[in-house]
Amino acid sequence: MSSMLQHVGRVAIGALRRTNGRDVVLRRYQPCRRRRFCTRPWIFGTYRPATSIAINEVKDKLLQANPTLLQICTATLTGEVQWLGEDKGAKVQEKLASVMIEYWESGKAAVSPDCSPIFNQLVAQCDQAMPQDGFEKASSELTQLQLDYILDEMRGFPEPIHMNGDDLQPADNLESFHVCICGSGVHGISVALRCQRAGIPYTILERDTGVGGTWHQNNYPGVRCDTPSITYSFSSDPNPDWERYFADGHEVKTYLKNMCDKHGITEHCKTETVVESATWDEATSMWHIKYNSKDGVSKIMESNVYVAAVGQVKNP
């Protein structure tokens, strides 16, 4: 919850400012202000825990938390604006812990931020300085366009696209259809997961020795993710056991590998396989993907769809 609210404020402001003032184009298929949050049911949906938890356990976890985020989370969950101005950290921690326990035990859903009666105050609070995270007070307020863009990104895809594969079915006979994915990083895994759910045959071609992309390739001391762990997760596979707010690289790699194993994605991945070229054949409406297999033999794969998920920091 805290990382998502921070995304509304400081983190998002920084990202938007890097656009150098250019307008951001929003998705047009559905008004973003009316879409409900559907891609993170583990945050906003009903959840019934399997075990009980003590309030002191929750309070201990809040001791080192960002005070501003604690205020925002408490106000969000209670709908009470006075918590945004509460300076006594222990009082905020006590209240938030008790409210979290209440949500935990009852299984009730939290109100999505833009449906909160104090939404405007929550957004304004996110402008405050966060010295612990190196953030100064925002120099300007969010515009409505920027706020709509942030909320649109937080919501993700509309539920019909996210929850099933109806929109992905390209032919009456899916068995004759094939998707080739180049790369098994986060983006390649995302496409594979959608194909898996829709029953579309697919193959991942990965030149490294395992899945995970940059998290498989980089294992230098201290490598970590710069995105909060709870948001650097697939909505279908939340991980409640992240060891750090910003996870170490080996933990992210393990999370991705376990998820691929769980959904059967790993068995569709050809590792140590280098793609040499992908050529579109207009006459047959097929892609011809030339690649070198693990044994060094050059082969050609025909595919209806070719997805280049090669990553931003690697040469294609």
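So the values come out like this:
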item	result
Segment 168-226, residues that are in a helix (DSSP H, G or I) and either basic (Lys, Arg) or in contact with a His (Cβ under 7 Å, 6 or more places away or on another chain) (or both)	Ala192, Leu193, Arg194, Gln196, Arg197
Restricting segment 205-241 to residues that are of a type in the set (Asp, Glu) and under 24 Å from Thr273 (Cβ atoms), the residue that is surrounded by the most Cβ atoms within 10 Å (Cβ to Cβ)	Glu206
Residue match in segment 250-260 (condition: more than 14 Å from Thr203 (Cβ to Cβ) and in a loop (DSSP other than H, G, I, E, B))	no
Segment 265-296: number of residues that are touching a Ser or Thr at 6+ places or on another chain (Cβ under 8 Å) and assigned to a strand (DSSP E or B)	10
Neighbours by Cβ (under 7 Å, 6+ apart or cross-chain): first from segment 262-275, farther than 20 Å from Val297 by Cα; second outside any loop (DSSP other than H, G, I, E, B)	His263/Leu193; His263/Gln196; Gly264/Gln196; Ile265/Ile189; Ile265/Ala192; Ile265/Leu193; Ile265/Gln196; Thr266/Cys260
Residue among Lys61, Lys91 that alone is surrounded by fewer than 17 Cβ atoms within 10 Å (Cβ to Cβ) and either modelled with pLDDT of 85 or more or in contact with a helix residue (DSSP H, G or I) (Cβ under 8 Å, 6 or more places away or on another chain) (or both)	Lys91
Restricting segment 266-296 to residues that are closer than 16 Å to Pro201 by Cβ and touching a Phe, Trp or Tyr at 6+ places or on another chain (Cβ under 9 Å), the residue that is most open to solvent (accessible area, probe 1.4 Å)	Lys270
Number of the condition not met by Lys299 [criteria: (1) open to solvent by 90 Å² or more (accessible area, probe 1.4 Å); (2) among the charged types (D, E, K, R); (3) part of a strand (DSSP E or B)]	(1)
Verdict on Leu142 being of a type outside the set (Gly, Ala, Ser), part of a loop (DSSP other than H, G, I, E, B) and at pLDDT 75 or above	yes
Pairs where the first residue, in segment 215-235, is under 20 Å from Gln312 (Cβ atoms) and the second is open to solvent by 50 Å² or more (accessible area, probe 1.4 Å) and part of a loop (DSSP other than H, G, I, E, B), C-beta under 6 Å, 6+ apart	Arg224/Phe246; Cys225/Tyr232; Cys225/Phe246; Pro228/Tyr245
Some residue of segment 298-313 being free of Cβ contacts under 8 Å to residues at least 24 places away in the same chain and either within 19 Å of Ala192 (Cβ to Cβ) or touching an Asp or Glu at 6+ places or on another chain (Cβ under 8 Å) (or both)	yes
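The values are calculated or read from the model by the stated rules, or taken from the named source; none is laboratory data. Being a predicted model, the structure only gives us computed values, none of them experimental. Cβ sites come from the backbone with ideal geometry, for glycine too, and all protein chains shown count toward neighbours. For accessibility, only protein heavy atoms count, side chains too; no ligands or nucleic acids. Shrake-Rupley method; radii C 1.70, N 1.55, O 1.52, S 1.80 Å.
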